[in-house]
Amino acid sequence: MTYLAKPKLHHPTLGCNAMGFTRRDYEGKISTLCAGCGHDSISAAIIQACWELDIEPHRVAKLSGIGCSSKTPDYFLGQSHGFNTVHGRMPSVLTGASLANRGLLYLGVSGDGDSASIGIGQFVHAIRRGVDMVYIVENNGVYGLTKGQFSATADQGSMSKKGVANTDSALDMVAMALQLGASYVGRGFSGDKAQLVPLIKGAIRHRGAAFLDVISPCVAFNNHAGSTRSYDYVREHNEAVNRLDVILPRARIEADYAEGRMIEVEQHDGSVLRLRKLDAGYDPRDRLAAMNLIAQRHAQGEIATGLLYVDPEAGDLHGHLNTVDAALNKLGVAELSPGADTLAKINAALR
Ligand SMILES: Cc1ncc(C[n+]2csc(CCOP(=O)(O)OP(=O)(O)O)c2C)c(N)n1
Ligand code: SF4
Ligand SMILES: [Mg+2]
């Protein structure tokens, strides 16, 4: 069996949101990911964000590619629309769905392998076109589903589980998204739900291409000595993560750090990721400042997290193409066949 349905029962005192839904109504099937996988924490953050925002589940369309990360839409928003596409093809399918019906919230869930390798072209064009979506990359630096090969986001010099060093330069999807014109760009950590839930909520509420890169440790293939995202490294270097001491190995990695503080997360691949929240005075409306910050932190071997850039006035693909408000399947004969006179005028205008 590839999935297990969750029992519907819940405690009678469980609170409802404004739509009358409990948090349980936003859950999906029981996850089959490894216990402690960062991706499950992201699913929990998505559930929390949607519940808190009173989103009606049937107004959401979840789309994903292939990978452990791309499996996760099965584990949240069980009453929403969902489509598990081909490897790396989520962005184009999402773009088509969005153009066909702009009335839904489009949630694209992908992995660093799915989006930064086979799907890199799709990622690039969906972002630069300003597709109105929340695009989440669950970034663990490896191809988890196919047993932990380095992905294109793995740091140079990092070590694989088998002790092989990664010789390629890392691709930074946040830097790319900023350069490509994404109008909401953030980076989070699956172990920092307090930071991640608001990041997702802001992205849901944003119009235009919202991109979130979420560092999400793979406990099966990125948790060895020499990794910069391993459970042990985080436990040794972050006080908040030490709270996980009581949890069995392969438990969810958690961090709770104050603004401006830096944490180091050890990955399987041997590189050290340093996560730093943005300073309180940082202005996320300045795209160039955001690009500089990313470059500076990268040069220092650190990773900036938080809301890095937002353009609250951004347009989106529907605006650029002047599409109709109605879903295409709601258009009648009158709208679709305007008649011979109108057609003649169009043809005349093109001569
Ligand atoms: C066309 C195609 N090529 C290759 C694969 C094999 N494959 C499945 S998942 C995957 C990578 C998944 O990595 P990522 O997107 O990072 O997801 P993760 O499992 O790490 O969450 C690959 C290469 C495939 N399924 N289809
Ligand atoms: S292999 Fe890695 S990414 Fe996949 S479910 Fe297990 S911990 Fe998560
Ligand atoms: Mg991955």
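Checking ALA116 against (1) away from ligand 1 (no atom under 11 Å from the Cβ); (2) among the small types (Gly, Ala, Ser); (3) closer than 24 Å to TYR184 by Cα; (4) surrounded by 18 or more Cβ atoms within 10 Å (Cβ to Cβ), which single condition isn't satisfied?
Answer for ALA116: the failing condition is (1).
Could you please let me know if ALA44 is touching a residue at least 40 places away in the same chain (Cβ under 8 Å) and over 20 Å from the mean Cα position of the chain (by Cα)?
Against the criterion (touching a residue at least 40 places away in the same chain (Cβ under 8 Å) and over 20 Å from the mean Cα position of the chain (by Cα)), ALA44 does not qualify.
Check GLY130, GLY119 and return the single one that is at pLDDT 95 or above and within 16 Å of ligand 3 (Cβ to nearest atom).
Exactly one of GLY130, GLY119 is at pLDDT 95 or above and within 16 Å of ligand 3 (Cβ to nearest atom), namely GLY119.
With closer than 16 Å to ALA45 by Cα, at pLDDT 90 or above and away from ligand 1 (no atom under 16 Å from the Cβ) as the only criterion, which of GLY186, GLY103 stands out?
Checking each option against the conditions leaves just GLY186.
Could you grab me the full set of residues in region 119-137 that are more than 22 Å from ILE46 (Cα to Cα), of a type outside the set (A, V, I, L, M, F, W, C) and either within 14 Å of ligand 1 (Cβ to nearest atom) or in contact with a His (Cβ under 6 Å, 6 or more places away or on another chain) (or both)?
If the condition is that a residue be more than 22 Å from ILE46 (Cα to Cα), of a type outside the set (A, V, I, L, M, F, W, C) and either within 14 Å of ligand 1 (Cβ to nearest atom) or in contact with a His (Cβ under 6 Å, 6 or more places away or on another chain) (or both), then GLY119, GLY121, GLN122 are the ones that fit.
Hey, LYS161 hits all of (1) at pLDDT 95 or above; (2) within 16 Å of ligand 2 (Cβ to nearest atom) but one; which does it fall short on?
Unmet for LYS161, out of (1) at pLDDT 95 or above; (2) within 16 Å of ligand 2 (Cβ to nearest atom): (1).
Is at least one residue of region 144-152 in contact with a Phe, Trp or Tyr (Cβ under 8 Å, 6 or more places away or on another chain), at positive phi and either away from ligand 3 (no atom under 16 Å from the Cβ) or not in a helix (DSSP H, G or I) (or both)?
Yes; the residues of region 144-152 include at least one that is in contact with a Phe, Trp or Tyr (Cβ under 8 Å, 6 or more places away or on another chain), at positive phi and either away from ligand 3 (no atom under 16 Å from the Cβ) or not in a helix (DSSP H, G or I) (or both).
Quick one: which residue in LEU94, LEU105, LEU77 is in contact with a Cys (Cβ under 7 Å, 6 or more places away or on another chain) and away from ligand 3 (no atom under 16 Å from the Cβ)?
Result: LEU77 is the single residue among LEU94, LEU105, LEU77 that is in contact with a Cys (Cβ under 7 Å, 6 or more places away or on another chain) and away from ligand 3 (no atom under 16 Å from the Cβ).
Regarding region 70-80, can at least one residue be identified that is within 16 Å of ligand 2 (Cβ to nearest atom), among the small types (Gly, Ala, Ser) and not in a strand (DSSP E or B)?
Yes: region 70-80 contains one or more residues that are within 16 Å of ligand 2 (Cβ to nearest atom), among the small types (Gly, Ala, Ser) and not in a strand (DSSP E or B).
Within region 45-64, does at least one residue satisfy the condition of being outside any strand (DSSP E or B) and within 15 Å of ligand 2 (Cβ to nearest atom)?
No: zero hits.
Just checking, does region 77-91 include any residue being more than 14 Å from the chain's Cα centre (by Cα), over 27 Å from ASN292 (Cβ atoms), more than 13 Å from ligand 1 (Cβ to nearest atom) and without any contact (Cβ under 8 Å) to a residue 12 or more places away in the chain?
No; the residues of region 77-91 include none that is more than 14 Å from the chain's Cα centre (by Cα), over 27 Å from ASN292 (Cβ atoms), more than 13 Å from ligand 1 (Cβ to nearest atom) and without any contact (Cβ under 8 Å) to a residue 12 or more places away in the chain.
Considering each residue of region 168-183, count those that are outside any helix (DSSP H, G or I), modelled with pLDDT under 95 and either in contact with a strand residue (DSSP E or B) (Cβ under 9 Å, 6 or more places away or on another chain) or not hydrophobic (A, V, I, L, M, F, W, C) (or both), and give that number.
4
Pairs, please: C-beta under 7 Å, at least 6 apart or cross-chain, first residue more than 10 Å from GLY141 (Cα to Cα) and in contact (Cβ under 8 Å) with a residue 60 or more places away in the chain and in region 213-225, second of a type in the set (S, T, N, Q) and not in a loop (DSSP other than H, G, I, E, B)?
Partner pairs satisfying both residue conditions: ASP213/ASN139; VAL214/ASN139.
The values are calculated or read from the model by the stated rules, or taken from the named source; none is laboratory data. Note that this is a predicted model, so its numbers are computed, not measured. Cβ coordinates were reconstructed from backbone atoms using ideal geometry, including for glycine residues, and neighbour counts include every protein chain displayed.
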